[in-house]
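In what follows, a single structure is set out as structure tokens and then discussed.
None of the figures in this text is laboratory data; all of them are computed from the coordinates on show. On a predicted model such as this, the values are computed, not experimentally measured, just so you know. Cβ placement follows ideal geometry from the backbone for every residue including glycine, while neighbour counts extend to all protein chains displayed.
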Amino acid sequence: MKTPLAWLNLLHEKTRLLVAIAGVAFAVLLIFMNLGFLGALSLTATQIYSQMNAEIFLRSPQTLEISTTKSFPRERLYQIAGVEGVQQTMPVYVGYQQWRNPETRFSRAMFVYGINPRDPVFTLPELQAPEAIAALQRPNTVFIDRLSRPEFGPQTTGIETESDRRRVEIGGQFTLGGGFASDGTLIVSDQNFLRLFAPRPLNRIDLGLVKLQPGADVEAVKATVRQLLPADVTVLTQEEIIGRDRDFWIGTTSTGFIFSMGVAVSFIVGTVIVYQILYTDISDHLPEYATLKAMGYRSRYLFKIVLQEAVILAVMGYVPGLILSLGLYELTTNATSGGLPMGMTVGRVVFVLLLTVSMCALSGLISVRKVVTADPAEVFS
Amino acid sequence: MMDANPTPHNNHAAANSNAGVAIAQSTPAVETHGLNYYFGQGDLRKQVLFDLNLTFPRGQIAIITGPSGSGKTTFLSLIGALRTIHDGSLKVMGRELVGMNNAQLVEVRRGIGFIFQAHNLFESLTAVQNVEMAVELLGGFGSKRAQAIAMLEQLGLGHRVTYKPNSLSGGQKQRVAIARALVNQPQLILADEPTAALDKESGRDVVTLMQTLAKEQSCTILMVTHDNRILDVADRIINLVDGRLESDTSMRDFVTAHDPKTLDPRMFML
């Protein structure tokens, strides 16, 4: 077996090794956190649509994402209700309201969905119960998301407060999560929506849900619907609308940019830290490396030693970084009361490992020049 | 000195045979003809070695002396295949180094034992691991531990094999470096001030060890040194001044010439 020079060199300077591991772990942690936020972002964009009970969605071409909508005529839903394969069409109204915390009396923007209580718009079972439907139909009654931020105040049924200067009563709760678009969410009946958002007319809707009969071909129905409707609506499958919203958040908002930037910066920080460590190691051992060259070792061997050191640092820093990240994911999910679901995926674990190895290898490649160009004749001095 | 015997030499035979037989080897260990060497390029080009014609037969211990800047270390690094050479002829163990590319030079280096003024041992490796680094070059992975320990024992370091350089004295470190240079039984050893960092006694020990091992393995030693205390181990002393050969004397002549009794009285007529 060859003498594990890379390993022994790293192990020799224990303090330096610890600093290096801490540095790599820190960079790994930063990368994981940024990717975690990015992932949570796309997950929350996904979440709302995957909890809606429809295969095909209609919205205005000017709509950017769920909370930035442009309305379109409700007639579009009636036009396609008879299409072969369509079981039901459902209108959804959305808007923001100033919700007053009943305890502190501070107001804050709350996201509101208006639905027909009899329509199974959401797959949430707590909204399908007859008593829930009855409660929603009562005037000035709202259902509140349990995952709303605590700043919105208590969520107990029966509490009365103000929403845009109208007295409302909490009639029940559900669990949905608002993601990046909203800190708190309400669901109200279309009639109550009309009251809260007057003078908005109910014949202009923000989102049209098309529920298909079991076994219907989504693409075929979508094509027919597309053909029947004018260009003032976009027809999207569930997968497409999720993709559009995700692209909006990640591609065209500062939110997505910040986290992508965060990943890039963490990568650079990690590269610099590892470079510093490797460069110092090489500088300290330059006479020895030059001696190896004089003895007849080729540059390739020294190249391999430096790259091995880089990969060892990558793996040793990655493991604590991963463990810390799992802890912080848990912490973040709890701190946002589940509003930002930070979940580790196998793909991300592998991706960050590869990123870490390439980060260290890159530093290795930058610092290796010094040892490869080391002149063996210089050891005679 | 220049034997015309056409028998090709064989490294392994020489390494494994005893001293008497190996001296009969035909090819000189090192042979130079009209060797010139320059540092720098263009206007800054400066010649440091001028027309050196020297032959070192096998088994000889030669000391190269000279004031600093005389080019003796450069000469040693050329013989050690550490620089590319363009002018003249330099044969090491029968192989012409002039015009060789880098990869070929590396091959030549593997047959040479180097000892430096600084021991240049890896602090992270134990004594025996440092020596093993040399054995691995030639691929002896199975026997490397045994070879390295045997070599260290020969140098009187049998009880220090698992020590790291930090816990060894200066003389011991230099002996580990010598073990590293000798473990592959090279036919040629190049030493650059091997005693400079040592006190008188360890310096003496190190040189005597080199001498004994050289005789046993019948290898050639070229040593650059300023240390007058160790001149007596040499068979031959070469003096370089400003890159030119100033004198080339056998040990006996050197002693006679420097004996105060035989000094030319004219030296004192000023």
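Placing unit charges on the Cβ atoms of the charged side chains and taking the dipole of the range B:38-97 about its Cα centre, the candidate lying farthest along the positive direction among B:Phe75, B:His86, B:Ala62 is B:Ala62. Would you tally the net charge around B:Asp51, using a Cβ to Cβ cut-off of less than 15 Å, leaving B:Asp51 out, and scoring K and R as +1, D and E as -1? Net charge around B:Asp51: -4. A simple charge model with +1 on the Cβ of Lys and Arg, -1 on the Cβ of Asp and Glu and nothing else charged puts the dipole of chain A at about 380 debye relative to its Cα centre. Counted by neighbouring Cβ atoms within 10 Å, the residues B:Met151, A:Met359 run from fewest to most as B:Met151, A:Met359. Quick one: helix A:14-50 against the long Cα principal axis of chain A, what's the angle to the nearest 10°, folded into 0 to 90? Approximately 20 degrees, to the nearest 10.
Neighbours of B:Tyr163 by Cβ distance under 13 Å: Lys/Arg scored +1, Asp/Glu scored -1, total +3. Over 26 Å apart at the Cα level, from the set A:Lys370/B:Lys200; A:Lys2/B:Lys72; A:Lys304/B:Lys144; B:Lys144/B:Lys164, are A:Lys370/B:Lys200; A:Lys2/B:Lys72. Rounded to the nearest 20, the Cβ-based charge dipole of the protein assembly as shown about its Cα centre (Lys and Arg +1, Asp and Glu -1) stands at 360 debye. Taking the fewest neighbouring Cβ atoms within 10 Å as the starting point, the ordered list for B:Met251, A:Met342, A:Met1 is A:Met1, B:Met251, A:Met342. Each Lys or Arg adds one and each Asp or Glu takes one away; over the other residues whose Cβ falls under 14 Å from the Cβ of A:Val168, this sums to +2.
The fewest-to-most ranking of B:Glu136, B:Glu153, B:Glu31, A:Glu219 by surrounding Cβ atoms within 10 Å reads A:Glu219, B:Glu153, B:Glu136, B:Glu31.
What is the antiparallel percent of DSSP beta bridges lying wholly in the protein assembly as shown, to the nearest 5? Roughly 65 percent of the beta bridges in the protein assembly as shown run antiparallel, per DSSP. Relative to the longest principal axis of the Cα atoms of chain A, helix A:346-372 runs at roughly 30 degrees. Angle of helix A:238-252 to the longest C-alpha principal axis of chain A, folded into 0 to 90 degrees and rounded to 10: 60°. Rounded to the nearest 20 debye, the dipole magnitude of the range A:61-232 is 440 debye, with +1 charges on Lys and Arg beta carbons, -1 on Asp and Glu beta carbons, and the Cα centre as origin.
By definition, a body whose alpha carbon gyration tensor gives a ≥ b ≥ c is prolate when a/c is 1.5 or more and a/b is larger than b/c, and the range A:61-232 fits this prolate description.
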